[in-house]
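**Q** Sharing a structure with you now.
The values are calculated or read from the model by the stated rules, or taken from the named source; none is laboratory data. Just so it is clear, the model here is predicted, and its values are computed rather than measured. Heads up, the Cβs are rebuilt from the backbone with ideal geometry, glycines too, and the neighbour counts pull from every protein chain shown. For accessibility, only protein heavy atoms count, side chains too; no ligands or nucleic acids. Shrake-Rupley method; radii C 1.70, N 1.55, O 1.52, S 1.80 Å.
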Amino acid sequence: MIGERPSSGADAGADTGEVRELARARAGDVAAFGALVRRHQERVFRFLHRMLDAREEAMELTQDVFVKAWQALPDWRPEAAFSTWLLQIARNAALDQLRRRQLVRFAPLEEGLEVADDAPGPEARYASRQRQAQLERALQRLAAEHREILLLREVEGLAYGELASVLGIAEGTVKSRLARARSALLEHFDPHTGASHE
Amino acid sequence: MNSSCPTGSCAPGPCPPDEALSALVDAALPSEAGAGLLAHCAGCPRCTRRLAELRALGDAFAALPAIRLEVDLAAQLVDRLQAGAPAAARKRGQGPWWVRWMDRIRPPTPWRFAFSPFAGSVAAVGLGLWLGGMLMELEEPLSPLAANTTLAAMSVFGSVPPGNLCPRAGACGASGNAR
Ligand SMILES: [Zn+2]
């Protein structure tokens, strides 16, 4: 066994139902597109939420991603996995949004990053929540380029080939960027203790 | 367990780059390359530590709380697309607070406008202008009338003080004070 992290493909779940829905949606069937939205909305939203660290914004952007996908559906080619293509649109939308934010905000975004202060409950649970919060905080401190590749790999489980196509880079670059992203994250976060390195 | 070093005292060789360890964690290396790296790590405390860190990072991601949408965007989107609204248009009632506020004061149709709070303000301003206009119209004829009244009142008094003689014949009228 070389490594235990599964390199699950993003489109392992692209079943015949989805293939049918895609064909109908491309022919202009809005209801079939709705079914596709239902299949992928959670994933697109989760990625955007973690990229932007803002629930409302992520929800709005998720809708925009699907509207863009609907408009661009005639250009979609079955060679590109639909979910990977969606993540590509989502990723571009997230970067645009982050750029817009930079125009209006000069301070680094810190909202929603505080460790929850409410009833700690059992000590172990509290420590685990602390660790999660520290990781979330550390992620927001990374460059968007590093955050997106880590989320797509570690949370969405994209394989290197899929990462290359979503990010528009070569597979070799995926490998090096991923290593740099992990290294950058480890500068802010100790995964054993959950301590953040300020 | 360093399988490539049965005595356990072999030199582990040069440390692999971080990139290789990162790919090892992702199972993205050919199996021989991966086995070689693991053999190195077994004899190298530094790489063992780094590999453990990278794996723990993966575990930390896996332990992140789930993020759920909790609404079905599909239903809203289907409505929006079926209504034939410009696809890129934003749905009413969504967006940041100021956009939603603008929606409230900017009615979508003239008919809905009549029932909007905006209509009251417009009506009040219109009424004010109309009443103001009427006053302006009234003021025009009022001014000469007032002037005439003043002149009539002044004419009650003669130009010659009482008891005085008329300076010349005919200078004082019959209704005048001279005689
Ligand atoms: Zn080493």
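**Q** Where the second residue is of a type outside the set (Lys, Arg) and not in a helix (DSSP H, G or I) and the first is within 17 Å of A:Thr62 (Cα to Cα) and lies in region A:22-39, which pairs have Cβ atoms under 7 Å and are six or more apart or on separate chains?
**A** A:Arg38/B:Asp72
**Q** Quick one: count up the residues across region A:153-165 that are within 11 Å of chain B (Cβ to nearest Cβ) and in a helix (DSSP H, G or I).
**A** So the answer is 6.
**Q** A follow-up question, please. If I ask for residues that are surrounded by fewer than 18 Cβ atoms within 10 Å (Cβ to Cβ) and of a type in the set (Phe, Trp, Tyr), which ones from region A:25-52 would you list?
**A** Result: no residue meets the conditions.
**Q** Is there any pair linking a residue in region B:39-50 that is within 12 Å of chain A (Cβ to nearest Cβ) to one that is assigned to a helix (DSSP H, G or I) and within 7 Å of the ligand (Cβ to nearest atom), with Cβ under 9 Å and at least six apart or on different chains, and which?
**A** As it stands, the answer is B:Cys41/B:Cys47; B:Arg50/B:Cys41, since those pairs meet every condition given.
**Q** Checking A:Gln97 against (1) within 9 Å of chain B (Cβ to nearest Cβ); (2) modelled with pLDDT of 95 or more, which test does it fail?
**A** Every listed condition holds for A:Gln97 apart from (1).
**Q** Out of all the residues in region B:13-62, which are away from the ligand (no atom under 16 Å from the Cβ) and more than 16 Å from A:Leu185 (Cα to Cα)?
**A** B:Asp26, B:Ala27, B:Ala28, B:Pro30, B:Ser31, B:Glu32, listed by residue number.
**Q** Kindly indicate which of A:Ser165, A:Ser176 is touching a Ser or Thr at 6+ places or on another chain (Cβ under 7 Å), open to solvent by 10 Å² or more (accessible area, probe 1.4 Å) and not assigned by TED's automatic domain parsing to the domain that holds A:His49.
**A** Checking each option against the conditions leaves just A:Ser165.
**Q** Still on this structure, I have one more. Going by what's in this entry, would A:Arg55 be described as within 7 Å of another protein chain (Cβ to nearest Cβ), modelled with pLDDT of 95 or more and open to solvent by 60 Å² or more (accessible area, probe 1.4 Å)?
**A** So A:Arg55 fails the test.
**Q** For region A:126-153: of the residues being in contact (Cβ under 8 Å) with a residue 60 or more places away in the chain and aliphatic (A, V, I, L, M), which is most open to solvent (accessible area, probe 1.4 Å)?
**A** Among residues in region A:126-153 that are in contact (Cβ under 8 Å) with a residue 60 or more places away in the chain and aliphatic (A, V, I, L, M), the one most open to solvent (accessible area, probe 1.4 Å) is A:Ala127.
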